[in-house]
Amino acid sequence: MKHLREFTFALAASTLIAGAATAEDAELSAIGLSFSDGALVSLLSDAAANVDGVSVETELLPFGQLFSAIEVRLQARNENPDLYYVDGPLTASYTARGHLAPLDDILPNASEIYTSAALQQGTVDGKLMSVPLESSTVVMLVNNALFEQAGIDAPSNNPEERWTWEQVADAGKKISALGEDTWGFNFHFGDSPYMALIMPQSKGATLIGEDGVTASGYVNSPEFIEAINVYSALYSDGIAPAGMYDYSLALELFLTGKVGMFAGVVSDAVTAGKRDGLDLTVAPLPYFAGGTPVTPTGSWHIGVNPRSKNPEKAAQLVQALAQPDFVSAYFGARANPPVLKSAWESLGDQLDGELWTLARYEINNTAVARPSIGGWLEYDSILRSALREIQGGADVTERLNAAAAEMDRELLKYKK
Amino acid sequence: MTDTSAASSAAKSVAKASKKRAMLDPQRPSWATLLMFLLPAISLLIVFRLAPIAISIGGSFSSQSLLGETTFHGLGNYNTLFTDEGFWNSVRVTLLFNIIINPLQIFVAFIMALLVFAPGRFLTFFRVSFFLPMTMSTALVAVMWNLLFDPNLGLVNSILAQTPLGRQGFFFDEDQALGAMIWISTWKGAGYYMIFLLAGLFRISEELYEAAHVDGASPWQQLRLITLPQMKRTFLFVFVADTTVNLLFFAPVYIITRGGPNGSTDTLMYRAYESSFTFVDWGRALSLSCILLALVVIVAAAQMLFFKPGEGE
Amino acid sequence: MSDTLRPGTYSPVKHAGRYALMCALAFLALAPLLWMFLSSLRPTQEMFSYAGSFSWHTIWPETFTFSNYTGLLETGFPRAIGNSLFVAGVTMVIGVLVNAAAAFAFATFEFRFRGPLFLLVLMTAMMPFEAIVLPLYMLVNGLGMIDTYSVLIVPELANGFVILMFRQFFAAIPRELYEAGRIDGASWLRIFFFIALPVSWPVILTGSIMIFITQFEAFFWPLVAAPSAELTVAQVEIAKNISLEGANWGLLFSSMSIVCVIAALPFLVFQRFYIRNVASSGIK
């Protein structure tokens, strides 16, 4: 074995271009999401510049492989990386598997500075496990031209005049009737529980049992089924295009003017606003008459590896990431709702206008985070498959019963 | 004259003299010589492949707690799999996919190789055209065909909409999804296997054809009696490599269908990937991988028996 | 080898059939790539404007722009192409030697445990990579190779399928050919380099292409093992154009087109040597 190692080293040395770090100061390693052409690298470096003796080396991963690549690193259970990106609802999963260090002592005032929707996702069993960087909310983008063509009044920006799903279905049918390639409504992430769950939630359904591992009786509860039947009808009535699982294409379909109402994240509204010839209204998401208005929210967080060799330095960096300066710089690179309460004031002039006023209203009043359960990844994936089958015409009750049974089985490992 | 034929005629002249000697003196080199040839590759394979494989096989007999403690689980992971209906569906999907795609892909590749083998004009253009799809990674091939086949914005469907066929579901249609997977995989892979078959064709001695030509053999007879038998070794490689790739097929499934619609593209490898990265159940993922490994080895062994070169080939 | 090509038996019908079939296959292979290339010349705004219902502009851009190509210069893409070329090139050169040597031993020598050892070699290529990625990652981490070029190259040098491919061809070389060398007292190393390799050049080229393409396509391993910006390879850089919020179509298509052409280069060069007889008389 020794020879083999030597041999490997010799080969390695011959092709190696070493990138050894200087050891004077602590160099933290971070894994983040690739966006805006690598903007995160300089954002984190700038934040680290405010902390003495800390620099940060950031690796960027494309979204499609973010979770699997992080999973390999974490499963190795070593000191790398010091910090990593955490999709809000996965906080509980990483916590249950011992991949996150608690951050309460680092940010004792978290509950005062962060918006509650964002903070909620970073908190597991009352402990702060990951720190939010950016939030999200969903609005309904309305293509005014199609409404005009169909001769219907478009929904307004006012949350007080929020449409019901019944109104969406009525108007949607008329817009779909305009042409073979015109659609009344579409979700940006049509098969994603992030978006679809607002329907059962608006009906008052509970998504999972108190224990966080029981799905039967919740995912197939009467309210849940009733709501998903309405979801199913959107596709079977030809209001929404089924099978748009490529999210980029789903957005493109709206941007090319073929969709009347589009449930999209805030950045979609920004993108759509830049398209020529697209006359938009930013309306609130629909709800069920008699139910409560619910909007999805989710946030990207950053967490600290409990095996980090530099826990103090990592903690200091996390503190720097909670500063208003960082949050506004972040907003500059990626226009998603900020997570600091103060940023809504300090970014004031950038957050004016109907889009941000509505986004702010939704985050403060209707946003509901996804359940904080260890098995969220499993829940999400199983429900996603069920939603796809339902878009394709599968029987709702039957499919949700099957999904609930599968969830029960997969979530069992998180039972305390 | 090419090197090959020059060398083979040279070989023939010495063959007579040394034939007896060669039979008596099997090619047994000294240990030092043997190591010199084998050690670099074997040691690299042991360190970077066999050791991790051994660990993974071991892992398939253990279960991991949420916090990473591993305990011996015996055949537990396998038992759970065998009682899972979804697993058997994946076995069916994987086998169906392979029974169709392997012969199809290699047949197309062989046709391509024959077409661009014989001298002619513009061969560079055709060879490169056939090969070009291979230069895209499987993931990007999946992304591209997903765009082309999209029900609403896809180019293929916008053309089909003009024909009596109308728009097709492709990946979204339970009956077409696996077929669409076979199509994109063949689109990418055929040109790749063409290059090995092409190299194999070059190896066949021209004299064999000349002799056959003199005997008045038809092109079909030449193909059956000379080309195919002479290509056995090449075909073995191509079949083993292609079957392995296709038994482990999953990237387009992950990117496009996630096993759907209704389990119609839920290959074993996708199930293994999902088990490790979505269900974070490494014990199950590794036992699935080991089953796949066993399947690949068995199929490869069967292919080796089938393509065993006869005497004198 | 088909009879159609021999002087004297030329048949125009067969000739036309051959070219018709080649054109059809080339069309199927190229059409999607051509669509991708033409799309890379569209401005973002126009990318899918004509996609829903078929018209001339569904295929042919209304406005041509090179901005998607010039835009690539401002990203990590040029560096990533350099990385991919370096990694694939080095692996190709060393890998051909390492694998061909082992294959030569398996094809030529007789030794104990040859069969079982060869089976193990094959097995290394048959295990799903995703199943060994975790132990492999921990191993290279222990060896201190993480985030270096060597982690992209060294584990990929030896390849069970490349060895199988070489072995299949070496096994077909008549043993008598080596006997001449043995009688002259040449060492096996000499025989390998001066007899076995020279008669196997189509195979060497094929093996080179095989290693090059495999490395150029590598995606998951580079992502896990060498993710820092300086080491990012082309496939990873391309994937960064697809995000949750929406794809950057222009850069996606332009970078895919470029990678396609670059990855085909070795084949473009090497395939010129896949010629024999009439046309090859000039090549020795």
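How many of the residues making up segment A:217-234 are touching a Gly at 6+ places or on another chain (Cβ under 9 Å) and either hydrophobic (A, V, I, L, M, F, W, C) or outside any helix (DSSP H, G or I) (or both)?
Going through segment A:217-234 one residue at a time, the tally reaches 4.
Cβ-Cβ under 7 Å, sequence separation 6+ or interchain: first residue in segment B:76-90 and more than 17 Å from B:Leu292 (Cβ to Cβ), partner outside any helix (DSSP H, G or I). Which pairs?
Qualifying pairs under 7 Å: B:Gly76/B:Ser63.
Tell me, yes or no, whether segment B:157-175 has at least one residue that is surrounded by 19 or more Cβ atoms within 10 Å (Cβ to Cβ) and either more than 28 Å from B:Arg92 (Cα to Cα) or touching a His at 6+ places or on another chain (Cβ under 9 Å) (or both).
yes
Exactly one of (1) assigned to a loop (DSSP other than H, G, I, E, B); (2) within 11 Å of another protein chain (Cβ to nearest Cβ); (3) hydroxyl-bearing (Ser, Thr, Tyr); (4) under 31 Å from the mean Cα position of the chain (by Cα) is unmet by C:Ser53. Its number?
The number of the failed condition is (4).
For segment A:272-293, how many residues meet the condition of being among the β-branched types (Val, Ile, Thr) and surrounded by fewer than 22 Cβ atoms within 10 Å (Cβ to Cβ)?
Number of matching residues: 2.
Every residue, every condition in (1) of a type outside the set (A, V, I, L, M, F, W, C); (2) assigned to a loop (DSSP other than H, G, I, E, B), yes or no:
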{"residue": "A:Asp170", "(1), (2)": "yes, no"}
{"residue": "A:Glu180", "(1), (2)": "yes, yes"}
{"residue": "A:Tyr194", "(1), (2)": "yes, no"}
{"residue": "A:Pro200", "(1), (2)": "yes, no"}
{"residue": "A:Ala215", "(1), (2)": "no, yes"}
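Take the residues in segment A:62-72 that are in a helix (DSSP H, G or I) and either in contact with a His (Cβ under 8 Å, 6 or more places away or on another chain) or not β-branched (Val, Ile, Thr) (or both), then tell me which one is farthest from the other protein chains (Cβ to nearest Cβ).
A:Leu66
Inspect segment A:220-236 for any residue being within 30 Å of A:Gln350 (Cβ to Cβ), among the aromatic types (Phe, Trp, Tyr) and within 14 Å of chain B (Cβ to nearest Cβ) and give the result as yes or no.
Taking every residue of segment A:220-236 in turn, none turns out to be within 30 Å of A:Gln350 (Cβ to Cβ), among the aromatic types (Phe, Trp, Tyr) and within 14 Å of chain B (Cβ to nearest Cβ).
What residue, of C:Leu21, C:Leu25, C:Leu34, is under 22 Å from the mean Cα position of the chain (by Cα), within 7 Å of chain B (Cβ to nearest Cβ) and either free of Cβ contacts under 8 Å to residues at least 12 places away in the same chain or in a helix (DSSP H, G or I) (or both)?
Sole residue among the options that is under 22 Å from the mean Cα position of the chain (by Cα), within 7 Å of chain B (Cβ to nearest Cβ) and either free of Cβ contacts under 8 Å to residues at least 12 places away in the same chain or in a helix (DSSP H, G or I) (or both): C:Leu25.
When you check C:Val154 against the structure, is it under 30 Å from A:Val56 (Cβ atoms) and facing chain B (nearest Cβ under 8 Å), yes or no?
Considered against the rule, which asks whether it is under 30 Å from A:Val56 (Cβ atoms) and facing chain B (nearest Cβ under 8 Å), C:Val154 comes out as yes.
Can you confirm whether segment B:275-298 contains a residue that is part of a helix (DSSP H, G or I), surrounded by fewer than 18 Cβ atoms within 10 Å (Cβ to Cβ) and more than 8 Å from chain C (Cβ to nearest Cβ)?
yes
Would you check if there is a residue in segment B:209-232 being under 22 Å from B:Gly191 (Cα atoms), assigned to a loop (DSSP other than H, G, I, E, B) and either acidic (Asp, Glu) or touching a helix residue (DSSP H, G or I) at 6+ places or on another chain (Cβ under 7 Å) (or both)?
Checked segment B:209-232: at least one residue is under 22 Å from B:Gly191 (Cα atoms), assigned to a loop (DSSP other than H, G, I, E, B) and either acidic (Asp, Glu) or touching a helix residue (DSSP H, G or I) at 6+ places or on another chain (Cβ under 7 Å) (or both).
Within segment A:367-387, identify whether any single residue is in contact with a Phe, Trp or Tyr (Cβ under 7 Å, 6 or more places away or on another chain), part of a helix (DSSP H, G or I) and among the acidic types (Asp, Glu), and answer yes or no.
Checked segment A:367-387: at least one residue is in contact with a Phe, Trp or Tyr (Cβ under 7 Å, 6 or more places away or on another chain), part of a helix (DSSP H, G or I) and among the acidic types (Asp, Glu).
Considering every residue within segment A:297-309, establish whether at least one is within 14 Å of chain B (Cβ to nearest Cβ), crowded, with 19+ Cβ neighbours inside 10 Å, among the β-branched types (Val, Ile, Thr) and closer than 30 Å to A:Ile208 by Cβ.
So far as segment A:297-309 goes, no, none of its residues is within 14 Å of chain B (Cβ to nearest Cβ), crowded, with 19+ Cβ neighbours inside 10 Å, among the β-branched types (Val, Ile, Thr) and closer than 30 Å to A:Ile208 by Cβ.
Of all residues in segment B:250-269, how many are surrounded by 23 or more Cβ atoms within 10 Å (Cβ to Cβ) and either basic (Lys, Arg) or more than 10 Å from every other protein chain (Cβ to nearest Cβ) (or both)?
Residues flagged as surrounded by 23 or more Cβ atoms within 10 Å (Cβ to Cβ) and either basic (Lys, Arg) or more than 10 Å from every other protein chain (Cβ to nearest Cβ) (or both) within segment B:250-269 amount to 4.
Just to confirm my filter: which helices (runs of 4 or more DSSP H) fall fully inside segment C:194-273 and include at least 3 residues that are free of Cβ contacts under 8 Å to residues at least 60 places away in the same chain and within 11 Å of chain B (Cβ to nearest Cβ)?
Ranges flagged: C:201-217, C:249-270.
Six or more apart or on different chains, Cβ atoms under 6 Å: show the pairs whose first residue is in segment C:127-141 and free of Cβ contacts under 8 Å to residues at least 40 places away in the same chain and whose second is hydroxyl-bearing (Ser, Thr, Tyr) and outside any loop (DSSP other than H, G, I, E, B).
C:Pro128/B:Ser289; C:Ala131/B:Ser56; C:Ala131/B:Ser289; C:Ile132/B:Ser56
So how many residues does segment A:73-103 have that are surrounded by fewer than 23 Cβ atoms within 10 Å (Cβ to Cβ) and at the interface with chain B (Cβ under 9 Å from one of its Cβ atoms)?
Number satisfying all stated conditions: 5.
Go through the residues of segment B:194-208 one by one and say whether even a single one is more than 9 Å from chain C (Cβ to nearest Cβ), surrounded by 17 or more Cβ atoms within 10 Å (Cβ to Cβ) and within 30 Å of B:Asn89 (Cα to Cα).
No, segment B:194-208 contains no residue that is more than 9 Å from chain C (Cβ to nearest Cβ), surrounded by 17 or more Cβ atoms within 10 Å (Cβ to Cβ) and within 30 Å of B:Asn89 (Cα to Cα).
Hey, A:Ser236 hits all of (1) closer than 30 Å to B:Tyr254 by Cβ; (2) touching a residue at least 12 places away in the same chain (Cβ under 8 Å); (3) buried (at least 21 other Cβ atoms within 10 Å of the Cβ) but one; which does it fall short on?
Just one mismatch for A:Ser236, condition (3).
Residues of segment A:53-106 being small (Gly, Ala, Ser), closer than 20 Å to B:Leu66 by Cβ and without any contact (Cβ under 8 Å) to a residue 24 or more places away in the chain, which ones?
Listed by number, the residues that qualify are A:Ser68, A:Ala76.
Coordinate-derived values only; no laboratory data. Values in this document were obtained by computation on a predicted structure and should not be read as measured data. Don't worry about glycine lacking a Cβ; one is built from the backbone with ideal geometry, like all the others, and counts go over all protein chains shown.
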